[in-house]
Amino acid sequence: MKAAGIETKAQAHRAVEAVFDAITQTMGRGEDVAITGFGTFRVAKRAAREGRNPKTGEKIQIAASVKPKFRAGKSLKEAVA
C-alpha cells in the first residue's frame, strides 16, 4: 500500500470507498465500468418474460429488471486459477 502512497488503513478505506462510489454512480446512470486487468461491471437489462411457479406450475409474468453483472478480466482469472 505504501508504494501507492497510502500510509494508513483509514486512507485505504477512503480510497476503496471512493472507487466503489464512482462505480455505483456510473452504473446508476446505466453505464458500464471497465477496469483493465480486473474486470468489467455492467448493467444487464432483462426483458419481461413468462415463467412458471415451481410449486404450482401456474404461469406467471416476470417483470423486466435491471441488475449489476461482473465479468472478471484476464489478470484476475489468472491470479485466482
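Taking the range 32-57, which residues are under 24 Å from Lys69 (Cα atoms) and out of contact with any strand residue (DSSP E or B) (no Cβ under 7 Å at 6 or more places or on another chain)?
Ile35, Thr36, Gly37, Phe38, Ala47
Can you name every residue in the range 54-74 that is outside any helix (DSSP H, G or I) and under 30 Å from Ile6 (Cα atoms)? Write out each step before concluding.
Keep residues of the range 54-74 that are outside any helix (DSSP H, G or I), which gives 54-73.
Pro68, Lys69, Phe70, Arg71, Ala72, Gly73, listed by residue number.
Taking the range 28-70, which residues are under 29 Å from Val80 (Cβ atoms), surrounded by 10 or more Cβ atoms within 10 Å (Cβ to Cβ) and among the β-branched types (Val, Ile, Thr)?
Val33, Ile35, Thr40, Val43, Val66
Which condition number does Ala63 fail, the rest of (1) over 25 Å from Glu78 (Cβ atoms); (2) among the aliphatic types (A, V, I, L, M); (3) not assigned by TED's automatic domain parsing to the domain that holds Val80 being met?
Failed condition: (3).
Taking the condition in a loop (DSSP other than H, G, I, E, B) and over 12 Å from the mean Cα position of the chain (by Cα), does Gly51 pass?
Taking the combined requirement at face value, the residue does not satisfy it.
The values are calculated or read from the model by the stated rules, or taken from the named source; none is laboratory data. A quick note: this is a predicted structure, and the numbers were derived from the prediction, not measured. Note that we place each Cβ from the backbone using ideal geometry, even for glycine, and neighbour counts take in every protein chain shown.
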